[in-house]
């Protein structure tokens, strides 16, 4: 006689508006390959050219044309290898991210859990996102995006961060997010972000335009 299932699968109240493509921790090279099949939320600020001019002048960020050419032509395995090379700032952010999420839980009394999956929007299949974490146990679903910066933000939440988070909300269908910005020696600063449908429609259109350019570059075999 078969034993009863005392742990039934949860019944979803609504279908998720996204597909899970890959778990980064399970297959990093495949994660990098799949990131080339759309516009990920992390590069949306570069697509919209929202960073301060100084970021481009100092080489911290790439011009839009370079971003699209890199996305079109860079070998995903090369990208994965570059990502693993010594990068103290990147490593610091990755290592500190779980700590900042836990700290945000203490500050808000909400349960944010790390996510770490690469997602593709069903409504806008050219849009991808890898949310840092989410709270799915509260009154409403909510994302969390962690930013570990050298200095606190003087002028509040930067527009380039808001755009990235809005792209994540577009992909996940979530109504809101919290951005947790942390600098050494400080408590995290928490910035709420509400879903904005008009901004999401604009971002989705810009991302579609950008990915069409990426596909055109690939079709031509354009070289840098």
Margin query: With the structure loaded, tell me whether residue 182 is closer than 24 Å to residue 52 by Cα and surrounded by 15 or more Cβ atoms within 10 Å (Cβ to Cβ) or whether it fails that test.
Written below: yes
Checklist line | Entirely in the range 1-112, the helices (runs of 4 or more DSSP H) that have 2 or more residues that are at pLDDT below 75 and touching a helix residue (DSSP H, G or I) at 6+ places or on another chain (Cβ under 9 Å) | finding: 76-84
Next item on the list: Those residues that are without any contact (Cβ under 8 Å) to a residue 12 or more places away in the chain and loosely packed, with under 12 Cβ neighbours inside 10 Å, I need them from the range 20-61; list them, please.
Entry: 26, 53, 54, 57, 58, 59, 60
Note to self: Just checking, does the range 188-198 include any residue being free of Cβ contacts under 8 Å to residues at least 24 places away in the same chain and out of contact with any strand residue (DSSP E or B) (no Cβ under 8 Å at 6 or more places or on another chain)?
What the structure shows: yes
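The values are calculated or read from the model by the stated rules, or taken from the named source; none is laboratory data. These numbers were taken from a predicted model, which means no experiment stands behind them. We place every Cβ from the backbone using ideal geometry, glycine too, and count neighbours over all the protein chains shown.
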